[in-house]
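The values are calculated or read from the model by the stated rules, or taken from the named source; none is laboratory data. Everything numeric here is computed off the predicted structure, so don't read it as measured data. No Cβ is skipped: glycine too gets one built from the backbone with ideal geometry, and neighbour counts run over all protein chains shown.
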Amino acid sequence: MDRFCKANAAEAAYIEKAVLGAEKIGIVGHIRPDGDDVGSCLGLARYIGIINPSAQVKVFLEEFPKDFMFLEGAGGVEHDFDTEYEPDLCFMLDCADKKRMGGAAKFFLAAGERICIDHHATNDGSIDAHMIVEPERSSTCELLCTLIDMNRLDRAAAESLYLGIVHDTGVFKHSNTGFETMLYAGRLIELGARPSFVIDYTFYKKTYPQNRALGQVLLNSHLELDGKVIVSSFTNDEMEAYGVKPADLDGCIDQLRVTEGVETAVFIYQMPDGKFKVSLRANGSVDVSRIAQLYGGGGHIKAAGCEMEGTPEEVSRVLCGEIAKQL
């Protein structure tokens, strides 16, 4: 039986009733938070503060890129998961399963009432919660826009939600960008979100070390499967040499993806524990979420990721083999 609910007036009323009836509210996202995760968590936290100012609201997320620190409430996000907090109500945002919550799962599972709001096609409904999941939405931030009273948003909340939409659509370039995506983005701008600032500051602006690292990523790249796949990798040694961290490599996969003639892009970069994080992007018919799921990851049809062990060459060979099955 399909456990997923769709966004509608009844679901919006359910969420508002839950928020107004809670004194302690938690919000959690996924490991290695991206723009949509951070934007949705902070946007919802701000909105809750508007409609229920007496509630205690805590957001639990791993460390995220410093470029998102301008968002209202970013400085108050809890990164220490060893603390004790048992909320009356907890939201899980932009996250498909318990494993993806990482250490923040304890707060969600301890809550008296749990609500999951997500747009990942890999969400299988296995978590015990009220599930509002719409994979056809561009982002969790867009989905949230359908579930809240946008007339009550302030500029800070609007800017958080706008950031999430921008990042999960690749500045409205990806195929997940739809008619309603643009309508909601326009409404958020009307409410005070600053498009030029958000896009330039969080998407295009790069430090000098980041630009040098991107150059090396491009130099490391090679074509596979008759030029239909581009693969690149970046190791811990290279990160140390260029003075960057994994979070500084955001955007590299998108630069690989726009290579002419490429249907699928693969970027393999090493994490501090030695494992490799894999980012996958598709331009054509390849469903990269199916591949990511094989290795414990997930995502969307055209954008997904996972973690793998081995050498970059071994990981590349395995992934190209899976991609070849779909080409």
Q: State which residue is nearest to P312 (Cα to Cα) when the search covers only segment 210-240 and only residues that are touching a residue at least 24 places away in the same chain (Cβ under 8 Å) and among the polar types (S, T, N, Q).
A: S233
Q.
Among the numbered criteria (1) without any contact (Cβ under 8 Å) to a residue 12 or more places away in the chain; (2) farther than 27 Å from D254 by Cα; (3) charged (D, E, K, R), which one does K173 miss?
A. (2)
Q. Within segment 36-67, restricting attention to residues that are at pLDDT below 95 and not charged (D, E, K, R), which residue is nearest to V244 (Cα to Cα)?
A. P65
Q: Among the helices (runs of 4 or more DSSP H) lying completely within segment 84-164, list those that include at least 3 residues that are touching a Gly at 6+ places or on another chain (Cβ under 9 Å).
A: 98-101, 140-145
Q: Filter segment 176-194 down to the residues that are within 18 Å of N283 (Cα to Cα) and in contact (Cβ under 8 Å) with a residue 40 or more places away in the chain, then identify the one that is surrounded by the most Cβ atoms within 10 Å (Cβ to Cβ).
A: N176
Q: Considering (1) part of a helix (DSSP H, G or I); (2) buried (at least 18 other Cβ atoms within 10 Å of the Cβ), say which one V59 fails and leave the rest.
A: (1)
Q. Could you list, in sequence order, the residues of segment 103-161 that are of a type in the set (S, T, N, Q) and either modelled with pLDDT of 95 or more or not assigned by TED's automatic domain parsing to the domain that holds V28 (or both)?
A. S138, S139, T140, T146, N151, S160
Q) Restricting segment 283-325 to residues that are among the polar types (S, T, N, Q) and farther than 20 Å from H222 by Cβ, which is surrounded by the fewest Cβ atoms within 10 Å (Cβ to Cβ)? A) S285
Q.
Yes or no: segment 69-79 includes at least one residue that is under 19 Å from A158 (Cβ atoms), in contact with a Gly (Cβ under 6 Å, 6 or more places away or on another chain), crowded, with 22+ Cβ neighbours inside 10 Å and of a type in the set (A, V, I, L, M).
A. no
Q. Hey, which of the strands (runs of 3 or more DSSP E) in segment 228-327, taking only ones fully inside, have at least 3 residues that are assigned by TED's automatic domain parsing to the domain that holds V217 and farther than 25 Å from A121 by Cβ?
A. 229-234
**Q.** Selected residue (only one of D36, D97 is crowded, with 24+ Cβ neighbours inside 10 Å and either touching a residue at least 24 places away in the same chain (Cβ under 8 Å) or among the basic types (K, R) (or both))
**A.** D36
Q: Assess whether S279 counts as being surrounded by 22 or more Cβ atoms within 10 Å (Cβ to Cβ), modelled with pLDDT under 95 and either of a type in the set (V, I, T) or touching a Gly at 6+ places or on another chain (Cβ under 6 Å) (or both).
A: no
